[in-house]
Amino acid sequence: MIAHVHVDAPVITIDRPFDYEVPPQFETLIEPGMRVSVPFGSRRLLGIVTGVSEGTREGLKPLEALLDEESSLTDELLDLSTHVKETTLCFRSSALLAMLPAALKVSYDKEIKGETLPDGVRAGTHLSEYPKETQSIILALAKKGDILLAPVLKEKRTVKTDLVIELIDATLIPARAKKQQEAIKLLKDVPRMYWSSLRQIGLSRAQLQKMESLRAVKVTEVELNRDPYATIEQVIETVELNESQAKAVHAIRDAEAGETLLLHGVTGSGKTEVYLEAIGQVVDDGKQAILLVPEISLTPMMVKRFKRRFGDRVAVLHSALSQGEKYDEWRKIKRREVDVVVGARSAIFAPLENIGLIILDEEHETTYKQEENPRYHARDVAIWRAEYHECPVVLGSATPSLESYARAQKGVYRYLQLSERYGGEMPPVHIIDMRRELAKGNTTMFSEDLFVAINDRIAKKEQCVILLNRRGFTTFVMCRDCGEGLTCPHCAVNLTYHQHGDRLKCHYCGYEIGMPSKCPTCDSKKIKQFGTGTQKIETELLNRIPEARIIRMDQDTTSRKGSHEQLLKRFEDGEADILLGTQMIAKGLDFPNVTLVGVLAADATLGMPDFRATERTFQLVTQVAGRAGRGSLPGEAYVQTYNPDHYVIETASEHDYESFYAREMQLRQVGNHPPYWYVTLVTFAAESPLVAQAEAELFAADFVEAHVAQSRLNGPMPAPLSKLKNLFRYQLFIKTKHPEALYPVLATLQQARAKAISKKEYQLSIDVNPYVFM
DNA sequence: AGCACGCCGACT
DNA sequence: GTCGGCGTGCTC
């Protein structure tokens, strides 16, 4: 028997199946989708079995071990990996591994073998257990042949276990064994007990063993799940749906196999109720559902709602869980113990076998696109899986992406609207012209009107949310004498100032130095940071309103695990008047006592080299304004800008998606941007800018030669981030109307460069439907 | 990616 | 005469 195996090595020349002989003892156990350990050259690697065939062939090595008792990937997911590979131009192994929880990946080490070992080194131990110096001694000895190093593969997964103790015969325990008698007494009340609870009476492991050997009790080891939400009780609430919600639920239920529906509902229109109800119906039919949410809105509140509705039958997958917890959730799905999977992007690969509905909430969120290989978009994967399972996909948003809305307009997606808003009208939005503030001599980040409004809320014991649109501006350092900015020595970017530790960091390569006291170019002491951070804004606020109680949420205050939730909880409990933060506070928050929302620098991102900048600004302003007045109190929003007449500011402040869409689509058409064209970004990086440019030109020429129908090319041009980690970068934009014709051509061009890339002459990266253009 | 193999300079 | 530099090529 032969196994076809994809090995864990992300290299283009290895991106194909390798065949292995299946030893007889594995023949009845092996299945496609299993993880295996295989010899590969002089190494030993993790592999995924993608197929098995009968017969045998000369020169095959036997595979070494099966790492799973049953397949980790279903046939569907194996198929899907091919689709992901072809549409994102990644390696098959990358696609396969992206579908597995991190706990199922492995690390590689060397086991030390031999008779005569140096002092302190023992046979059977692993190389990585020793300090660096010892490691090099061992490696040197291995080279001489004095020590043998055997490659080993270390599993990361851990399964928490406990013992279950069952009473068989109480009379077998002698009366003088006091502790054992005590345990028996407990077991008479509860005949099956966990060791973790039984041991609390002070019973030792030896005493338990004694009881077992007397056959008074039976002891079995069981797997335990680390349940991070163990304490939530299931409550089946009957939700009263309004008319448009009920219509939406109906439409989802009646949807055709593989159909995509766009659910457009303003903030507060009750999309979550629609999700709960539609998923409830699917579950009642005996099928399963996936709900994807952006990481940021996967809040405890949100999770609690689903846990209450579906109890133990929900698996939650998000980054706040430990690797082990994620693995436990994943295994619950695999064992068919859940009906509903709620999670961030990668939850789209949940190994469900009978999916009846897939929902992407906040479908416009760019976090659904993975920015490293495999560069997949969860929306595309969702649509593929829905076709496979012949079930609908629901894309929900208050501010749909232009791509999705355009498809709904064309009838490719079915359009559903939720028009009614709980708590009445959207809050009024005041546009503040910051140019006028500046003319009045106000150099702070706050307009007079906003200060007055904040003061008013504090007096009324209501709460405010202040959002700094941080993207697009950073605090950098410049010399006031010579005008030199402090840049990263490895990348073409300014270093960013971090108050925490008084240091300068490069956000791209990790380079960091302490804040210098004088300019490295001219020795002047007039070196100073520019720009605005949340800390500076907090200071400005306190200068003006000293009694304000502020909770600041940014990278510095939320880096610790759980601090995010903690800060929100404190705000919810009324421990502060103002919640001040960056993008992270824009979504998912629902505090009834918030009646004022302020957006500072609403237009800060408009100048970025990104055709989606206006769309993002629209989404941000609309979403954040919707945060005000969620409770019984009326709310309002203040949007500060230097571009008060810009159509994005005007339409967002009127909550007018249609007008924004119409204007933006015109610009997209003129600029040949999505959704009119599908865009692919190809980036070339090399030590020499000339090599990067030359390779880009060569690629461009080859692409033109391939004559892909209805396609065009922009570039090559230097990337906006022209140097990164000491590599110079050029890029090429390929636009097409026929992506399915483009992918195979890109694959061919990529393959043709395999040798040069493996020789590290340059790096090539292909990003289909990019969201980052740097 | 790793790792071995192999063919030229520097050293005991 | 041997150690080790890293260019080249392969991994079922």
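The values are calculated or read from the model by the stated rules, or taken from the named source; none is laboratory data. Remember, it's a predicted structure, so these values are computed and weren't measured experimentally. Cβ atoms come from the backbone with ideal geometry, glycine included; neighbour counts cover every protein chain shown.
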Query raised in the report: Where residues in region A:30-55 are aliphatic (A, V, I, L, M) and free of Cβ contacts under 8 Å to residues at least 40 places away in the same chain, which of them is surrounded by the fewest Cβ atoms within 10 Å (Cβ to Cβ)?
Result: A:I30
Query raised in the report: List, please: which pairs have Cβ atoms under 8 Å, are six or more places apart or on different chains, and start with a residue in region A:10-22 that is over 11 Å from A:V49 (Cβ atoms) and end with one that is within 11 Å of DNA strand B (Cβ to nearest atom) and among the hydroxyl-bearing types (S, T, Y)?
Result: A:V11/A:S758; A:I12/A:S758; A:T13/A:S758
Query raised in the report: Counting just the residues of region A:725-760 that are more than 20 Å from A:A706 (Cβ to Cβ) and touching a strand residue (DSSP E or B) at 6+ places or on another chain (Cβ under 7 Å), which one comes out nearest to DNA strand C (Cβ to nearest atom)?
Result: A:L727
Query raised in the report: Do we find that A:T134 is modelled with pLDDT under 85, farther than 27 Å from A:G47 by Cβ and not in a helix (DSSP H, G or I) in this structure?
Result: no
Report task. Scan A:G411, A:G396, A:G441 and give me the residue that is farther than 30 Å from A:E243 by Cα and either in contact with a strand residue (DSSP E or B) (Cβ under 6 Å, 6 or more places away or on another chain) or among the small types (G, A, S) (or both). Result -> A:G441
Requested in this report: Within region A:458-513, count every residue that is modelled with pLDDT of 80 or more, in contact with a Ser or Thr (Cβ under 6 Å, 6 or more places away or on another chain) and within 30 Å of A:V429 (Cβ to Cβ).
Outcome: 2
Requested in this report: Return the only residue of A:A98, A:A150, A:A170, A:A142 being more than 30 Å from A:I766 (Cβ to Cβ), small (G, A, S) and more than 16 Å from DNA strand B (Cβ to nearest atom).
Outcome: A:A170
Query raised in the report: Hey, among the residues in region A:720-748 that are crowded, with 20+ Cβ neighbours inside 10 Å and closer than 16 Å to A:F91 by Cβ, which one's nearest to DNA strand B (Cβ to nearest atom)?
Result: A:L746
Requested in this report: Would you mind finding the one in A:T50, A:T74, A:T87 that is of a type in the set (V, I, T) and within 16 Å of DNA strand C (Cβ to nearest atom)?
Outcome: A:T50
Query raised in the report: If you take the residues of region A:152-171 that are closer than 30 Å to A:L187 by Cα and in a strand (DSSP E or B), which of them is farthest from the chain's Cα centre (by Cα)?
Result: A:L167
